[in-house]
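Colleague: Below are the structure tokens for one structure; questions will follow.
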């Protein structure tokens, strides 16, 4: 593994919001039927955060991504060399050169918040595809990647009232209903419209714009943006 740090990897849970649903990016490995989170390795001359940003740019086409490091996974149980060897064999990569990929790795996990509409999912050299899956309808994931997803969602919920999560999952301008749906899908519960709006408006974090006219004028909702967003 010349050029990379030994036994250190990263995994990314990339969240996107579309059609009222929370989704994440999942890769499918070539000729195996294995599904996994986007991940990778850190070059010996590279900062950890830069390695994660590099990997996500390769998979999404975006270079300005909100990232949050949330946990380090290092249990012995996550080491499954047979699975990795199957992936190498399916891609015709010789063990003598790539066997280091089947060694035990400690993985540093990040979650990323992305505007779904701006992403161009691109598979890496070991994958057939990378695509969006609804958070509650994921395929079976290899290694401990389901545990990583669960921990990322738990962390996102804890951060929801302390950080402007919606600034990264929504376009620059959005309706109050769209912002409420983001909170609902992350929390996993229905929120009262009046209570949610009162709470959000009391935080003084939104700027109100003109109404979005797409039908009857009296039903047109106002558009909002976060005050710290560049317009």
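Colleague: Considering region 133-159 alone, what residues qualify as being within 13 Å of the chain's Cα centre (by Cα) and under 20 Å from residue 102 (Cβ atoms)?
Modeller: Listed by number, the residues that qualify are 145, 148.
Colleague: Can you go through 62, 67, 25 and tell me which one is in contact (Cβ under 8 Å) with a residue 40 or more places away in the chain, outside any strand (DSSP E or B) and either touching a strand residue (DSSP E or B) at 6+ places or on another chain (Cβ under 9 Å) or within 24 Å of residue 127 (Cα to Cα) (or both)? Break it down stepwise before answering.
Modeller: Working: 67 fails: outside any strand (DSSP E or B); 25 fails: outside any strand (DSSP E or B).
Just one listed residue meets the conditions, 62.
Colleague: So, one more: Answer yes or no as to whether residue 164 is over 21 Å from residue 42 (Cβ atoms), surrounded by fewer than 20 Cβ atoms within 10 Å (Cβ to Cβ) and not assigned by TED's automatic domain parsing to the domain that holds residue 41. Before you say what the answer is, go through the steps one by one.
Modeller: Working: over 21 Å from residue 42 (Cβ atoms): yes; surrounded by fewer than 20 Cβ atoms within 10 Å (Cβ to Cβ): yes; not assigned by TED's automatic domain parsing to the domain that holds residue 41: yes.
The answer is yes for residue 164.
Colleague: Is it true that some residue in region 8-15 is at pLDDT below 95, within 16 Å of the chain's Cα centre (by Cα) and crowded, with 18+ Cβ neighbours inside 10 Å?
Modeller: Our first condition is that a residue be at pLDDT below 95; within region 8-15, this holds for none.
So far as region 8-15 goes, no, none of its residues is at pLDDT below 95, within 16 Å of the chain's Cα centre (by Cα) and crowded, with 18+ Cβ neighbours inside 10 Å.
The rows are residues; the columns are (1) closer than 22 Å to residue 4 by Cα; (2) crowded, with 16+ Cβ neighbours inside 10 Å.
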position: 58; (1), (2): yes, no
position: 77; (1), (2): no, no
position: 108; (1), (2): yes, yes
position: 115; (1), (2): no, yes
position: 118; (1), (2): no, no
position: 152; (1), (2): no, yes
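The values are calculated or read from the model by the stated rules, or taken from the named source; none is laboratory data. Remember, predicted model here, so these are calculated numbers, not experimental data. A quick note on method: Cβ atoms are made from the backbone with ideal geometry, for glycine too, and the neighbour counts reach across all protein chains shown.
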